[in-house]
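The values are calculated or read from the model by the stated rules, or taken from the named source; none is laboratory data. Just so it is clear, the structure is predicted and the values come from calculations on it, not from any experiment. All Cβ positions, even for glycine, are placed from backbone atoms using ideal geometry, and neighbour counts span all protein chains on display.
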Amino acid sequence: MKTIQLNVSGMKCGGCVQTVERILKNSDGVENVSVNLLSESAYFNLQNNHSNLEDILDNLRSNGFPSKIYNNVFSERINKAELEKKTKWFDKWKKLNFAFLLLTLSGLGHLAEGGYINSSLLASIYFHAFIATLSLLIPGRPIIIKGFISFWKRRPDMDSLVALGVTSAYFTSILSLLLPSIGFPCFFNEPVMLLGFILLGRFLEDRAKYQTSSSIGELLDLQPETTLLIDKNDRTKSIRVSALKEGQYIQVLAGDRIPADCVVIEGSSLIDVSHITGEAKPIQAQKGDNLLNGSLNLNSTLKLEVIKVGSNTSLAKLVNLIESVQSKKPQIQRLTDVIAGKFTYFVLLTAILTFFFWWKFAIIIWPDLLNNNTNLILSTHHSLHDSLGEYAQTSLSLAIQLSIAVLVIACPCALGLATPTVITVASGKAAKKGILFKSGEKIEIASKIDTVIFDKTGTLTEGRPFIVDYLFCDDNEFLLRISASLEKQSRHPIAKALITEAENQNLQLFNILEIKNESGRGIIGRLETIEEEVKVGSIDWLKDCEVSMTEDVAKVMSSNNLNKNTAIGVSVGNQLLGLMLIGDSLREDSSESIKQLKISNFKIHILSGDRKATVQEIGELLNFSNENLKWELLPDEKLKNIEILKRDNCVAMVGDGINDAPALAASNLGIAVGSGTQIAKANADVVLMGNKLKGLHYALMLARKTMNKIKQNLFWAFGYNLIAIPLAAGALFPKFGILLSPSIAALLMAISSITVVINALSLK
């Protein structure tokens, strides 16, 4: 099974989203379908040996949604995306300009007909008919064709409503022109105005939509187009970044960006990595340090070795992670898309009922309605709106006008955009702060969090343990060799500390013959040249393994010196070889982060596998009460505590993303602290990049603000349609004489969509 991402054209509303999802779900071998209106993309899993992807693309194309496979070659995407963006904008700008030219000519014609301009040509009804025809054939043609294709496929959408509205006005006017005696009204200006306002609304909407997803564009801009390659003769030449290969050497000057993931070979410089971590403070890069793609070299020339290029770089993976946020919808969006998919049918039914009501029944209920409102009607309508025959301002003309207004004022687009615009803006803002949400669904869950659980090591502490002291050992070097040898296959932070110290002392490690990991407690194994079994782990665990210990060991274990440190014992056979005291520093931002969470009324707990004294020491430094501290917990005990807290709370677990994977997965929301993409692939739902806790409070509060914005958008989208549709249907006409012309209805529809997007952009 492979994951497919498509760029899908032609989607305009939630109904389109539902149609595309339905087509994909009905394709053989397609699973886990998700379609996003804002990004015009579709995500799904395709089983091997099932549907041909080309058949799926052909099916989408035949239903009015031309699609192509998403270009995931990072270096190619940059230039291609920019070219497509420019082409798209240019085409839309041409259509909009032509539509407004026709709108201007139509307006001049009305002025001429009213005697304000002396031009018989402009005043002619045939001139208006010509302008309306051009509007339908040129700027309106794609909308009309797609709209009626959707009708034919029995999947009406927003374009269907617009197509029906403009063609109804146009052909009614044509019949009035050709057959004046039938008494049909003339609406030649309406198609021109309708299409002009709709194209303007879509242009402005697309501009605003582009701003919502600008964070990805900003990341793509971090990728330079060229770099300086160092050849075998130490000469440099400029090449395109797309031509870079792993293992090559490059030169990066001050002020240039790093073109790939690299390691420093020569030089030292300050590096801006804010695009990854959200941290504005530059880091000092020296020989041997890894530098991430897109980082900015601030002040000195560096010689670098390329280690990852193209789609394998950290920048490319970061872009993919942000884009994937849109692949899984929050529950509220799935519900809205279903409603939007049915909305078009509701509007069509309403328009039909409106037509028949005002044509056949309104005159019975209000016999003098048209006579009583004649002045208002004539004052707000041009004579060209009237019939060219003897039955001017009849119930039929009123019915046609109101039913067209209903068709064009309805805005399923606002419903479809209400959620994805806010999700996209939120994920972009989070990314700039070094926070990655795995999906829109996770943002929704994050908004409900009221309880936050912290691991200690690597989360509240720096996660860079170091050896403080050796106890009860005559040969510290041998003790370190044994423990580091056995721990070299472990990813635990303490294991890393032992291995790092052994490397610093240039110690040669033993080969592992046999190894067994006791989760959360220690490691048992056999090492080459050492006959007896070796154990490395907690003192309590060694006791359980019947390792003999002296009274002196018991005394030391209870001493104050151990309160701040973790004790690791090493045994050979059943004899204790010695102890190592492991220390770790509190993160500089731990205290402030905990304080912010408490101010916002989050309930906070620490669940740790470390000793009681060590956990209590951390708890005291961070002002935790003892009832919110748990210590000496095995992994399964952590899970039990999380399940207990989940009964009455929505729980987030904050861990280092590696050792806390089960706990992260068991919580309502798993939050990993770390700077590498390895963590981002783990079980966490949210990743705090850059090894900083300060983004935690921002992430949770941003999620709450995001859901509030979504609710505001949905309230507006539903509220607008609930008010606008009855107004367009003439609900206020009998009592107040208020009518909406189809052109004004089109303008209101455009404003509704733009309002949703602008509200999303106001998220802070």
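Taken together, ALA484, ALA495, ALA567, ALA502 contain a single residue that is more than 22 Å from TRP631 (Cα to Cα), in contact with a Lys or Arg (Cβ under 8 Å, 6 or more places away or on another chain), modelled with pLDDT of 80 or more and not β-branched (Val, Ile, Thr), which is ALA502. Counted as qualifying within segment 98-198 are the helices (runs of 4 or more DSSP H) with 1 or more residues that are closer than 22 Å to SER403 by Cβ, namely 125-137, 141-152, 158-178.
Evaluate segment 508-516: report whether one residue or more is out of contact with any strand residue (DSSP E or B) (no Cβ under 7 Å at 6 or more places or on another chain), outside the structural domain of LYS646 (by TED's automatic domain parsing), farther than 25 Å from LEU693 by Cβ and charged (D, E, K, R). Among the residues of segment 508-516, not one is out of contact with any strand residue (DSSP E or B) (no Cβ under 7 Å at 6 or more places or on another chain), outside the structural domain of LYS646 (by TED's automatic domain parsing), farther than 25 Å from LEU693 by Cβ and charged (D, E, K, R), which makes the answer no. Between LEU46, LEU38, which is in contact (Cβ under 8 Å) with a residue 60 or more places away in the chain and either among the hydrophobic types (A, V, I, L, M, F, W, C) or under 28 Å from SER427 (Cβ atoms) (or both)? Exactly one of LEU46, LEU38 is in contact (Cβ under 8 Å) with a residue 60 or more places away in the chain and either among the hydrophobic types (A, V, I, L, M, F, W, C) or under 28 Å from SER427 (Cβ atoms) (or both), namely LEU38.
Out of all the residues in segment 476-510, which are touching a residue at least 24 places away in the same chain (Cβ under 8 Å), not basic (Lys, Arg) and not in a helix (DSSP H, G or I)? The answer is GLN489, SER490, HIS492, GLN505, LEU507, GLN508, LEU509, PHE510.
Within segment 526-533, does at least one residue satisfy the condition of being over 22 Å from ARG481 (Cα atoms), among the β-branched types (Val, Ile, Thr) and outside any helix (DSSP H, G or I)? No. Within segment 445-491, the residues that satisfy the criterion of being in contact with a Phe, Trp or Tyr (Cβ under 8 Å, 6 or more places away or on another chain) and polar (S, T, N, Q) are THR451, ASN476, SER485.
Just checking, does segment 253-261 include any residue being more than 24 Å from VAL319 (Cα to Cα), more than 35 Å from the chain's Cα centre (by Cα) and either assigned to a loop (DSSP other than H, G, I, E, B) or not polar (S, T, N, Q) (or both)? Steps first, please.
Initially, segment 253-261 is screened for residues more than 24 Å from VAL319 (Cα to Cα), giving 253-254.
Still in the running and more than 35 Å from the chain's Cα centre (by Cα): none.
No.
Of all residues in segment 532-559, those that are closer than 15 Å to LEU471 by Cβ and in contact (Cβ under 8 Å) with a residue 12 or more places away in the chain have Cβ atoms under 9 Å from Cβ atoms of residues that are in a helix (DSSP H, G or I) and charged (D, E, K, R), 6 or more apart or on another chain, in VAL536/GLU487; MET549/LYS543. Taking (1) free of Cβ contacts under 8 Å to residues at least 12 places away in the same chain; (2) at positive phi in turn, GLY578 satisfies each apart from (1).
Working carefully through the options PHE65, PHE74, PHE130, find the one that is touching a Gly at 6+ places or on another chain (Cβ under 6 Å) and modelled with pLDDT of 85 or more. Steps first, please.
Working: PHE74 fails: modelled with pLDDT of 85 or more; PHE130 fails: touching a Gly at 6+ places or on another chain (Cβ under 6 Å).
None of the other options fit; the residue is PHE65.
Only a single item in (1) under 22 Å from GLU518 (Cα atoms); (2) of a type in the set (Val, Ile, Thr); (3) in contact with a strand residue (DSSP E or B) (Cβ under 8 Å, 6 or more places away or on another chain) is not met by ILE499, and it is number (3).
Among the helices (runs of 4 or more DSSP H) confined to segment 394-441, the ones with at least 1 residues that are modelled with pLDDT of 80 or more and under 21 Å from ARG334 (Cβ atoms) are located at 420-432.
Could you identify the single residue in ILE482, ILE467, ILE499 that is over 27 Å from LEU645 (Cα atoms), of a type in the set (Val, Ile, Thr) and over 45 Å from the mean Cα position of the chain (by Cα)?
Numbers: ILE467 fails: over 45 Å from the mean Cα position of the chain (by Cα); ILE499 fails: over 45 Å from the mean Cα position of the chain (by Cα).
That would be ILE482, the only listed residue that is over 27 Å from LEU645 (Cα atoms), of a type in the set (Val, Ile, Thr) and over 45 Å from the mean Cα position of the chain (by Cα).
When segment 482-499 is examined, which residues are found to be in contact with a helix residue (DSSP H, G or I) (Cβ under 9 Å, 6 or more places away or on another chain) and farther than 19 Å from ALA567 by Cβ? Result: SER485, LYS488, GLN489.
Let's see how each residue does on (1) closer than 27 Å to SER9 by Cα; (2) in the same structural domain as PRO66 (by TED's automatic domain parsing); (3) surrounded by fewer than 23 Cβ atoms within 10 Å (Cβ to Cβ):
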position	(1), (2), (3)
ALA99	yes, no, no
ASN118	no, no, yes
GLY147	yes, no, no
LEU161	yes, no, no
LEU164	yes, no, yes
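Can ASN641 be described as modelled with pLDDT of 90 or more, surrounded by 15 or more Cβ atoms within 10 Å (Cβ to Cβ), farther than 20 Å from ASN517 by Cα and in contact with a Cys (Cβ under 9 Å, 6 or more places away or on another chain)?
Details: modelled with pLDDT of 90 or more: yes; surrounded by 15 or more Cβ atoms within 10 Å (Cβ to Cβ): yes; farther than 20 Å from ASN517 by Cα: yes; in contact with a Cys (Cβ under 9 Å, 6 or more places away or on another chain): no.
Considered against the rule, which asks whether it is modelled with pLDDT of 90 or more, surrounded by 15 or more Cβ atoms within 10 Å (Cβ to Cβ), farther than 20 Å from ASN517 by Cα and in contact with a Cys (Cβ under 9 Å, 6 or more places away or on another chain), ASN641 comes out as no.
Would you confirm whether or not segment 599-609 contains a residue that is closer than 27 Å to ARG481 by Cα and either modelled with pLDDT under 85 or not β-branched (Val, Ile, Thr) (or both)? Among the residues of segment 599-609, at least one is closer than 27 Å to ARG481 by Cα and either modelled with pLDDT under 85 or not β-branched (Val, Ile, Thr) (or both), which makes the answer yes.
Among residues belonging to segment 717-750 that are assigned to a helix (DSSP H, G or I) and surrounded by fewer than 17 Cβ atoms within 10 Å (Cβ to Cβ), point out the one that is nearest to the chain's Cα centre (by Cα).
In the first step, residues of segment 717-750 are kept if they are assigned to a helix (DSSP H, G or I); the result is 717-728, 733-736, 742-750.
When the remaining residues are screened for being surrounded by fewer than 17 Cβ atoms within 10 Å (Cβ to Cβ), the result is 718-719, 722-723, 726, 734-736.
On the way: PHE718: 23, GLY719: 26, LEU722: 29, ILE723: 31, PRO726: 35, PRO734: 47, LYS735: 48, PHE736: 46 Å.
Of everything passing the filter in segment 717-750, PHE718 is nearest to the chain's Cα centre (by Cα).
Among all positions in segment 307-323, there is at least one residue which is of a type outside the set (A, V, I, L, M), outside any helix (DSSP H, G or I) and modelled with pLDDT of 65 or more.
Test THR550 against the criterion of being over 27 Å from GLY695 (Cβ atoms) and among the polar types (S, T, N, Q), and give yes or no.
On the way: over 27 Å from GLY695 (Cβ atoms): yes; among the polar types (S, T, N, Q): yes.
So THR550 passes the test.
Suppose we keep only residues that are surrounded by fewer than 17 Cβ atoms within 10 Å (Cβ to Cβ) and touching a Lys or Arg at 6+ places or on another chain (Cβ under 8 Å) within segment 230-273. Which one would you say is nearest to ALA285 (Cα to Cα)? The selected residue is SER268.
Condition check ((1) among the polar types (S, T, N, Q); (2) part of a helix (DSSP H, G or I); (3) crowded, with 19+ Cβ neighbours inside 10 Å) across all residues:
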position: LEU6; (1), (2), (3): no, no, yes
position: LYS12; (1), (2), (3): no, no, yes
position: GLY15; (1), (2), (3): no, yes, yes
position: LEU24; (1), (2), (3): no, yes, yes
position: ASP28; (1), (2), (3): no, no, no
position: ASN32; (1), (2), (3): yes, no, no
position: LEU38; (1), (2), (3): no, no, yes
position: GLU54; (1), (2), (3): no, yes, no
position: ASP58; (1), (2), (3): no, yes, no
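Listed by first and then second residue, the pairs linking a residue in segment 222-244 that is more than 17 Å from ALA254 (Cα to Cα) to a residue that is at pLDDT 85 or above and among the basic types (Lys, Arg), with Cβ atoms under 9 Å apart and 6 or more places separating them unless they lie on different chains, are ASP231/LYS237.
The one condition from (1) among the small types (Gly, Ala, Ser); (2) touching a strand residue (DSSP E or B) at 6+ places or on another chain (Cβ under 7 Å); (3) surrounded by 15 or more Cβ atoms within 10 Å (Cβ to Cβ) that SER548 does not meet is (3).
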